[in-house]
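What follows is calculated from the coordinates using simple rules that are stated; it is not laboratory data. Small disclaimer: the values here were computed from a predicted structure and weren't measured. Methodologically, a virtual Cβ is constructed for each residue, glycine included, from the backbone with ideal geometry; neighbour enumeration extends over all protein chains shown.
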Amino acid sequence: MTGPKSTRSKDLWTAALTAVFLATLAVVYLLDEPTLWLAWAVLTVVASGTVMVLFNRATPQEP
């Protein structure tokens, strides 16, 4: 079972990831370079995937 502290931590990580996502999106949008768009997309997928894997590994599995 996950407690309120664990849920709060995941919520904070999600909020931080969203803030970084939006900030970097704004920068890439303003610069409007195709290579930056590609790099941003790849790094966004890698970062999101890493966070999801870490969250799921921290969750105990039921038998």
Taking θ as phi - 60°, what are the ³J(HN,Hα) couplings along the stretch 25-34 by the Karplus curve (6.51, -1.76, 1.60), each to the nearest whole Hz, with x for Gly and Pro?
4, 4, 5, 5, 4, 5, 7, 6, 10, x
Could you rank the peptides 48-54, 38-44 by their average count of other C-beta atoms within 10 Å per residue, with the highest value first?
38-44, 48-54
A chain fully extended from T44 to A19 at 0.36 nm per residue, minus the present Cα-Cα distance, gains in nm 7.8 nm
